[in-house]
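Everything below concerns the one structure shown next.
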Amino acid sequence: MMRSVGTWSDEELLAGMLSGNGDCFDELYRRWQSGVYRFALRLSGSGSIAEDVTHDVFMSLIRDGHQYRGTGRLGSYLLSMARHGTMLRLKRERRYEPLEDGEATGDGGGAAVVDAQSDPLEQMAREEAVDAVRRAVLGLPLHYREVVLLCHFHELSYAEAAEVIGCEIGTVASRMHRAKGLLSMRLREMTKESAGVKR
């Protein structure tokens, strides 16, 4: 019995795609599209940039997938391409666009669905906290923002993040340490600002 492409490894799918198997591309796209999109979105703060970058990453995979050498995970390779494409667009535009409603999750929808069993006030407080963290991360300089996104949101190791960025592991560790400090400071400021508004 032939294995379903859904059980294939990323590397097997890539080899199948490069051999002309469209099902393999579809499965790779299903596995990685949302992660690539979310990374580009959180790095750029722009839904339109994230959509363009995601499209370009998968078109590049079709065209240049043979350049993947099998060192590291394919997911890291795709995030590396997404990082490169996002940086190019940010340099070209020289500005950051604000997140639009519903873009932070990449689901295109508005507010999160409220669990019927949860307390609506608790749910609202959680959503406000998530929004505050998202805004704080978006406010970080790019070289700090990307390590937070790669290591915390995409759960890459420092070694994998270093591979995506093209730097030393020590650089990732140093940037992460500094990013955490900046995030803590920014979140404290936002909490004070919010408390001042509520008085």
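The values are calculated or read from the model by the stated rules, or taken from the named source; none is laboratory data. No experiment lies behind these values; they were computed from the predicted model shown. Cβ atoms come from the backbone with ideal geometry, glycine included; neighbour counts cover every protein chain shown.
Residue by residue through the range 155-183, note down the ones that are among the hydroxyl-bearing types (Ser, Thr, Tyr) and outside any helix (DSSP H, G or I).
If we filter the range 155-183 for residues that are among the hydroxyl-bearing types (Ser, Thr, Tyr), which is where we start, we get 157-158, 171, 174.
Hit for the range 155-183 is 157, nothing else.
Which is at pLDDT 90 or above, within 19 Å of residue 160 (Cα to Cα), touching a Leu at 6+ places or on another chain (Cβ under 6 Å) and of a type outside the set (S, T, N, Q), of 38, 83, 42? Please lay out each step first, then the result.
Numbers: 38 fails: touching a Leu at 6+ places or on another chain (Cβ under 6 Å); 83 fails: touching a Leu at 6+ places or on another chain (Cβ under 6 Å).
Answer to the selection: 42.
Only residues in the range 39-53 that are farther than 19 Å from residue 155 by Cβ count as the first member; pair them with residues that are of a type outside the set (A, V, I, L, M, F, W, C) and crowded, with 24+ Cβ neighbours inside 10 Å, Cβ under 6 angstrom, at least 6 apart or cross-chain, and list the lot.
Close Cβ pairs satisfying both conditions: 44/86; 53/86.
Of all residues in the range 20-46, count the ones that are within 25 Å of residue 137 (Cα to Cα), buried (at least 20 other Cβ atoms within 10 Å of the Cβ) and of a type outside the set (Phe, Trp, Tyr).
Result for the range 20-46: 9.
Does residue 116 meet the test of being at pLDDT 95 or above, among the hydrophobic types (A, V, I, L, M, F, W, C) and either loosely packed, with under 12 Cβ neighbours inside 10 Å or assigned to a helix (DSSP H, G or I) (or both)?
Details: at pLDDT 95 or above: no; among the hydrophobic types (A, V, I, L, M, F, W, C): yes; either loosely packed, with under 12 Cβ neighbours inside 10 Å or assigned to a helix (DSSP H, G or I) (or both): yes.
So residue 116 fails the test.
Across the range 144-168, what is the total count of residues that are within 15 Å of residue 39 (Cβ to Cβ) and of a type in the set (Gly, Ala, Ser)?
Selection size over the range 144-168: 1.
Can you name the condition, by its number, that residue 73 falls short on among (1) modelled with pLDDT of 90 or more; (2) under 18 Å from the mean Cα position of the chain (by Cα); (3) within 26 Å of residue 159 (Cα to Cα); (4) not hydrophobic (A, V, I, L, M, F, W, C)?
(1)
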